[in-house]
Amino acid sequence: MSASSREVTRVRPTVRGVVAVITGAVLLVAGMWAGYPTVRGLGAGFLVLVLVSLVSVLLPLPLSVDRVVSPSRVSRGDACEGQLTVHNGSARFGTSLDATDWVSGGDTSVEVPVDVPWLPAGESRTVAFPLPTARVGRLTIGPMALRRNGFGGLWLRAGQVGDTRDLLVTPRLLPCHGVPTGVTRGHVGADERVERGGTDLTGLREYVPGDDLRRLHWATTARTGTLMIREDSDPSRAHLTVLVDDTPAALVADGDLDEMADVAASILRAAVAAGHPCRLTSARGGIDIDLAAGIGIAVNPAAVLEPALVALCDLASQPPSTTGSPPALHDTDVLAVVGSRHSDRSRLATLAGSLRPTLLLIDPTATQGISWSAGAATLSGARATDVLAAWDSVTS
């Protein structure tokens, strides 16, 4: 991008420039009133310097600016950097520049200062600068604020140059155990506990290279003349629902939603990798995603989990709202409710209905990692890693 692609500029004096103008004017007037030519000349010299500095910023310089963000997608806390390249197309004049990039997401914005060295005539400079990735969500990088200092630093030309770049910061996928076997709803319709090892036919699809040929459904293949693969489900694999408390009351503490997103994503990743069917939803109903799983087919956990990661990023990018309808929790065996110490536990219990949820809370004040009440576990910890360690204790 060039500086002329989209530039909004303004010229203003710096604090040093204002002091120089006042000092020069006072000396000039005092010298003329008292008849001291030296004082008068000194005051005039200050004013001339201010004028020269003003002319130096008013004269356009052929600057070109390019900013690259790499990578465009990271997990929370991973390294991400911007690279700013500035080229001075002038053959005679160098310049001093200061730059600031803006990182905005949700209702917050952060300034990222960029230290640009002196730019001689006809040369280029490339500067790398780190971008913040501590918060989950969709971030917008830019536009960049570019400031050109005039002679002596007395005047400043400031403007916004270039366009914006998008950065997706996804939740961390932390190691944790999968989901315990529960009371499952078999495909025949009855609620029953099913031993491991059985399979139910849940669907058919066409063969794609790499499929296990032992999963061919011969009757349908013979009838249609097309190789058809069974999609089976193990009824002993518990159905997991992860509910994220996204009510305003649960999100009053800064950073809680980021840790909650880490917990939810990590549990879902472990469950999907183990072949458990999963669902991600939120207390306000803004998220409701089913994650398919099965056995006997090539399952890519990253691809299955992708919609959930994007949904959690979108949730973190939106300001808390009191609107929305709570989800209907059905056809689930294991309910994990992810919240904070500010969550309304009575409301979450109402949402759970007859289910006995496992409550996972981000709570820096917790003194006990695991507590039980009416057969339901409450797992608490200051960070996602602490909560997941408690989860491993109760699921192993």
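The values are calculated or read from the model by the stated rules, or taken from the named source; none is laboratory data. Remember, predicted model here, so these are calculated numbers, not experimental data. Cβ coordinates were reconstructed from backbone atoms using ideal geometry, including for glycine residues, and neighbour counts include every protein chain displayed.
Kindly provide the set of residues from the range 70-82 that are under 20 Å from ASP98 (Cβ atoms) and either surrounded by 14 or more Cβ atoms within 10 Å (Cβ to Cβ) or at pLDDT below 90 (or both), ordered by number.
GLY82
Does the range 101-109 include one or more residues that are aromatic (Phe, Trp, Tyr), without any contact (Cβ under 8 Å) to a residue 60 or more places away in the chain and in a loop (DSSP other than H, G, I, E, B)?
Checking the range 101-109: not a single residue is aromatic (Phe, Trp, Tyr), without any contact (Cβ under 8 Å) to a residue 60 or more places away in the chain and in a loop (DSSP other than H, G, I, E, B).
Please list, ordered by first then second residue, the pairs with beta carbon atoms under 7 Å, 6 or more apart or interchain, first in the range 213-231 and closer than 24 Å to ALA292 by Cα, second surrounded by 10 or more Cβ atoms within 10 Å (Cβ to Cβ) and among the aromatic types (Phe, Trp, Tyr).
Sorted first by the residue in the range 213-231, then by its partner, the pairs are LEU227/TYR207; MET228/TYR207; ILE229/TYR207.
Please find, among VAL55, VAL74, VAL86, the residue that is closer than 20 Å to GLN160 by Cα and of a type in the set (Val, Ile, Thr).
Result: VAL86 is the single residue among VAL55, VAL74, VAL86 that is closer than 20 Å to GLN160 by Cα and of a type in the set (Val, Ile, Thr).
Select from the range 49-98 the residues that are over 30 Å from the mean Cα position of the chain (by Cα), in a strand (DSSP E or B) and of a type in the set (S, T, N, Q) and list them in ascending order.
Those that are over 30 Å from the mean Cα position of the chain (by Cα), in a strand (DSSP E or B) and of a type in the set (S, T, N, Q): ASN88, THR95, SER96.
How many of the residues making up the range 123-145 are of a type in the set (Lys, Arg), in a strand (DSSP E or B) and farther than 13 Å from ASP166 by Cα?
1
VAL183 - would you say it is β-branched (Val, Ile, Thr), loosely packed, with under 15 Cβ neighbours inside 10 Å and at pLDDT 65 or above?
no
State whether the residues of the range 371-378 include one that is free of Cβ contacts under 8 Å to residues at least 24 places away in the same chain and touching a Gly at 6+ places or on another chain (Cβ under 6 Å).
no
Would you mind finding the one in ALA376, ALA349, ALA384 that is assigned by TED's automatic domain parsing to the domain that holds ILE267, aliphatic (A, V, I, L, M) and at pLDDT 85 or above?
Sole residue among the options that is assigned by TED's automatic domain parsing to the domain that holds ILE267, aliphatic (A, V, I, L, M) and at pLDDT 85 or above: ALA384.
Test ARG383 against the criterion of being of a type outside the set (A, V, I, L, M, F, W, C) and over 20 Å from ARG279 (Cβ atoms), and give yes or no.
Answer is yes for this residue.
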